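Taking it in order: structure first as structure tokens, then the write-up.
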Amino acid sequence: GGMAAAALLLLLVAAGPGPGRTDAGQERRDALREELLLSPLPTGDVAATFQFRTRWDADLQGGAVSHYRLFPKALGRLVAALGVRELHLALTQGFWRTRYWGQPPLQAPAGAELWVWFQPTVTDVDKAWKELSNILSGIFCASLNFIDSTNTVIPTASFKPLGLANGTDHHLLRYAVLPREVVCTENLTPWKKLLPCGSKAGLAVLLKAERLFHSSYHSQAVHIRPVCRDASCLAVSWELRQTLTVVFDFFSSGQGKKDWSLFKMFSRTLTDTCPLASQSKVYVDISPKNKEKELLEVSPPPTSVHEAVVQGDKKTYAVYDLLSPSLFNTSRSLNVQLKWKRPQDSSEMPIPTLHAQRYVGGYGLQTGEICTLIYNTHPYRAFPVILLETVPWYLRLYVHTLTIITKGKENKPSYIHYQPAQDRRRPHLLEMLIQLPANSVTKITIQFERALLKWTEYPPDPNHGFYVGSSVLSALVPSVIAMKDMDVEQSPLFTSLFPSSDGSSYFVRLYTEPLLVNLPTPDFSMPYNVICLTCTVVAVCYGSFYNLLTRTFHVEEPSRGGLAKRLANVIRKFRGVPPL
């Protein structure tokens, strides 16, 4: 018996630490948190925001990592091999209407957006950027390989690091947008495969492609950044956030009512939790939307109620903790239902403090102007905003025509950075720091001239037009209610991506609409017409001429006639009639 026990002990030692422990015998160093936020919008639509956060206490840059547990190996090796310090990729279909839907937890421009900070050890940033975009194109089945020098810019003031940063040398930053990128199921499937539980368990069960894409707005994103491991911040952890935001339109749902449920939105309900998740919660925004304290009823009763100041406003959330043992005891599945106590009056829609719109002015196909309107609806506080404009090289900007008008007066930017375009090599980059007075509309206009492209540079559908990427607005917006410092690990995920500088303001990044501009386009049907006409002329003229030249003529001798003629002559001879 003693020998058997010794052998068993040896086997256990040889097997090494269990899956949940490291070599040092500590608790496992990676953790997964997942949450779903349901927000009824003022228009009657509903927004659903999924966040899956994998945090890993490992040194990815050291290259000593060989065993991947929750963190996806494809992204981990990418960060280590190319010297990535921070990576943000978003694939979006549709446009978030800030004026009517309010501030989103995390907005992204239409199409594909990629911005990356590289480590200071990277010598050739452009080469690493090209490799990175090609690898991500393969991972997410997207057209990110079309990112090149003609649509990449190096912002100087926008897109500061969201994670830990020793310095902010903007030459290590690259930013690109592909506004024409179409997002569909082939992008969603690899995104779901990066999740530790895939789409088999937990909140990801709800991610049914046919429901997600039957919506007004759909945006999926991946954010990788280094964060502090603990309060002392002596060691670094790596954080991967996968976010997905979708807006369901209550008109297209066919119900005509503002009552929602998980089953109505996703055609599925929650049946179990992801066994790898250390936290799995559903938040429902039940804050009163106007002065009459119009409340939202949720059923079944929530596990708890959470109050927080989010984006300068006091919010109340009903919380369903999927890891709570009592939640699935009463019923086999969780189908959260939202019902309004009385119909909402849409005339009193709350207007966000900061929102913007953009359009193209002018007429004809030679010149035009880009107009941007930025609204500050705060009754008494002014604040600055950083505006980033990226314009393709084939729209030739005239910077001397740049005008910024606020309340009928000229508004001079306190900082301006302009990098002119080079034909077929780089786009225009314009960054400005503009002060927005309280309760004002600021109009920014700049004129441009359209270039004439080479005939091989037009896309297959040139008359559809050419896209200009969204403008980016970054601002610290004054808060109505003072915000307290909260522990990041205790607060919901949707409140903790953007760091808050102090309690009096909160950071907002907004995107305007992408623009569609017509360029002077040659008539591509003319070569077809010329080919048809030329072929016809050649066939008729040359064919007839060739026929005359090569044909041989023979003189036919008169024949004596056939059998019928001879019979007729015999009969005529008997009758005494002259032959034929």
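Measuring with a 1.4 angstrom probe and ignoring ligands and nucleic acids, Tyr546 comes out at about 120 Å² accessible.
Here's the list of lysines a cross-link from Lys73 could span, going by alpha-carbon distance under 25 Å and ignoring same-chain residues fewer than 8 apart: Lys127, Lys130, Lys192, Lys193, Lys200, Lys208.
Nearest 500 deg cm²/dmol is fine: what mean residue ellipticity at 222 nm does the chain get from its DSSP H runs of n ≥ 4 alone, each adding -39,500 (n - 2.57), divided by its residue count? Before the final figure, lay out the partial values.
Working: 11 runs with 99 residues, N = 580.
Per the formula, -5000 deg cm²/dmol.
Of the GluC sites (Glu not before Pro) found in region 153-237, not one falls in a DSSP loop while having at most 12 other beta-carbon atoms within 10 Å. Within the chain, which whole H helices from DSSP have a Cα span along their axis of at least 15 Å and a mean Kyte-Doolittle hydropathy of 1.6 or more, if any? Those that pass (Cα extent of 15 Å or more, hydropathy at least 1.6) are 2-15. At a Cβ-Cβ separation cutoff of 4.7 angstrom, cysteine residues of the chain with no neighbouring cysteine are Cys141, Cys184, Cys371, Cys532, Cys535, Cys541. Approximating the spin labels as points 7 Å out from Cα along Cα→Cβ, the Arg268-to-Asn335 distance works out to 1.6 nm.
With both labels modelled 7 Å from their Cα along Cα-to-Cβ, the Ile405 to Ala209 distance reads 4.9 nm. Starting from region 507-580, pick out the trypsin sites (Lys or Arg not before Pro) whose DSSP state is loop and whose Cβ has at most 10 other Cβ atoms within 10 Å. Passing both the DSSP loop test and the Cβ count: Arg551, Arg560. Solvent-accessible area of region 30-340 (1.4 angstrom probe, protein heavy atoms only): carbon and sulfur portion equals 52 percent. Leu516 sits with roughly 80 Å² accessible to a 1.4 Å probe, with DNA, RNA and ligands left out of the calculation.
Test of understanding: extend the Cα→C-beta vector of Leu516 to 7 Å, then name every residue of region 88-118 with backbone N under 17 Å from that spot. The answer is 93-96, 110-112, whose backbone nitrogens lie closer than 17 Å to the label point. The residues of region 30-340 present an accessible area of 39 Å² per residue when probed at 1.4 Å with all protein chains retained. What residues from region 108-126 fall in the zone where the backbone N is under 18 Å from a label point 7 Å along the Cα-to-C-beta line of Asn166? Correct set: 117-125. The modelled label-to-label distance for the pair His554/Tyr458, using points 7 Å beyond Cα in the direction of Cβ, is 5.6 nm.
What FRET efficiency comes out for the pair Ser414/Tyr359, r = Cβ-Cβ distance, R0 = 25 Å, nearest 0.05? Calculated transfer efficiency: 0.45.
Backbone N atoms of region 130-158 closer than 18 Å to the 7 Å Cα→Cβ label point of Thr185 belong to residues 140-142. Suppose R0 equals 25 Å; then what is the FRET efficiency for Val122 and Phe507 from their Cβ-Cβ distance, rounded to the nearest 0.05? The value I calculate is 0.40.
Between Ala438 and Asp259, what length in nm is gained on full extension when 0.36 nm per residue of separation is reduced by their alpha carbon distance?
On the way: separation 179, 0.36 × 179 = 64.44 nm, distance 3.69 nm.
Gain on extension, Ala438 to Asp259, equals 60.7 nm.
For the full complex of protein chains and a 1.4 angstrom probe, list His464, His171, His554 by accessible area with the highest value first. Don't skip to the end; give the middle numbers.
Working: His464 85, His171 110, His554 155 Å².
The ranking, largest first, comes out as His554, His171, His464.
The values are calculated or read from the model by the stated rules, or taken from the named source; none is laboratory data. Owing to the predicted nature of the structure, the values given are computational and were not obtained by experimental measurement. Neighbour counts are summed over all protein chains in view; Cβ atoms, including those assigned to glycine, are modelled from backbone coordinates with ideal geometry. Surface accessibility is based on the protein's heavy atoms, side chains included, excluding ligands, DNA and RNA. Shrake-Rupley method; radii C 1.70, N 1.55, O 1.52, S 1.80 Å.
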